[in-house]
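*Asks:* I'd like to ask some things about the structure below.
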Amino acid sequence: MEGRSSHRSDGLVSATTVINAMVVFLYWRPFLDDPKSVTRDGQIGELYLEICLHGVGPLLQWIDALSIHRSYCNLVLAAAWLVGPIALYLTWGETLVQWNSGSPVGSVTTGIPYPFLNNMELPERLTFYGVNIVTALVLLLVFAALAWLIKRFLPAPAMP
């Protein structure tokens, strides 16, 4: 912020760190099991781009949010910023994207952006989504605990 604004956006920044953690987890875990589950025909793009998008970028954002910006001052607002966009994204994928896309094709349905989801019945997908939302909220608490530890043991430098 460089002192140019007093607006902090703690809720949004906190939620973004959690969403980045979810992206890292939800990309690499299935990819390492079966690359075809998250990529088009199992074709990984340029490896350095995948590592930057699904690793280095999120790591830099975590460092910034925890040690530079020092977010996690309002967990209720962060939870709202977290659950709201996730719910909108899932609704968008289950409706507009699925209805208007002929691929990827699964054993149950077609058009949901991630191939493995097309092999699940709707109740299975809803359970998967619910588990991921709960996981996101737990990660919010984990990041908040890390932020508390950092604030406690590494005080912010005094502003001039």
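*Asks:* Using the structure shown, decide if residue 43 is modelled with pLDDT under 90 and under 16 Å from the mean Cα position of the chain (by Cα).
*Replies:* No, not satisfied.
*Asks:* Shifting gears a bit: Looking at segment 94-119, which of its residues are over 17 Å from residue 36 (Cβ atoms) and modelled with pLDDT under 90?
*Replies:* Once the filter is applied, which keeps residues that are over 17 Å from residue 36 (Cβ atoms) and modelled with pLDDT under 90, segment 94-119 yields 101, 102.
*Asks:* Now a separate question. Can you tell me which of (1) at pLDDT 90 or above; (2) surrounded by fewer than 14 Cβ atoms within 10 Å (Cβ to Cβ); (3) not hydroxyl-bearing (Ser, Thr, Tyr) is the one residue 63 doesn't meet?
*Replies:* Against the list (1) at pLDDT 90 or above; (2) surrounded by fewer than 14 Cβ atoms within 10 Å (Cβ to Cβ); (3) not hydroxyl-bearing (Ser, Thr, Tyr), residue 63 comes up short only on (1).
*Asks:* Enumerate the pairs (first residue in segment 124-137 and at negative phi; second residue anywhere and modelled with pLDDT of 90 or more and outside any helix (DSSP H, G or I)) with beta-carbon separation below 7 Å, excluding pairs fewer than 6 apart on the same chain, so at least 6 apart or on different chains.
*Replies:* Qualifying pairs under 7 Å: 128/120.
*Asks:* Moving on to the next point. Could you tell me how many of the residues in segment 112-132 are open to solvent by less than 40 Å² (accessible area, probe 1.4 Å) and either among the β-branched types (Val, Ile, Thr) or under 13 Å from the mean Cα position of the chain (by Cα) (or both)?
*Replies:* Residues meeting the conditions: 3.
*Asks:* Would you please list the contacts, defined by Cβ atoms under 7 Å and residues six or more apart or on different chains, that run from a residue in segment 45-73 that is farther than 16 Å from residue 150 by Cβ to a residue that is open to solvent by less than 50 Å² (accessible area, probe 1.4 Å) and modelled with pLDDT of 85 or more?
*Replies:* 54/24; 55/24; 58/20; 58/21; 58/24
*Asks:* Just wondering, is there one or more residues in segment 149-157 that are in contact (Cβ under 8 Å) with a residue 60 or more places away in the chain and not in a loop (DSSP other than H, G, I, E, B)?
*Replies:* Yes: one or more hits.
*Asks:* Restricting attention to segment 14-40, which residues are modelled with pLDDT under 80 and among the polar types (S, T, N, Q)?
*Replies:* 37, 39
*Asks:* When only residues in segment 88-100 that are more than 21 Å from residue 29 (Cα to Cα) and touching a residue at least 12 places away in the same chain (Cβ under 8 Å) count, which is surrounded by the fewest Cβ atoms within 10 Å (Cβ to Cβ)?
*Replies:* 99
The rows are residues; the columns are (1) surrounded by 12 or more Cβ atoms within 10 Å (Cβ to Cβ); (2) β-branched (Val, Ile, Thr); (3) at pLDDT below 90.
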{"residue": "5", "(1), (2), (3)": "no, no, yes"}
{"residue": "12", "(1), (2), (3)": "yes, no, yes"}
{"residue": "70", "(1), (2), (3)": "yes, no, yes"}
{"residue": "76", "(1), (2), (3)": "no, yes, no"}
{"residue": "79", "(1), (2), (3)": "yes, no, no"}
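The values are calculated or read from the model by the stated rules, or taken from the named source; none is laboratory data. Here the structure is a predicted model, which is why all the values come from computation and not from measurement. Quick reminder, even Gly has a Cβ in these numbers, built from the backbone with ideal geometry, and neighbours come from all protein chains shown. With ligands, DNA and RNA removed, areas are computed over all heavy atoms of the protein, side chains included. Shrake-Rupley method; radii C 1.70, N 1.55, O 1.52, S 1.80 Å.
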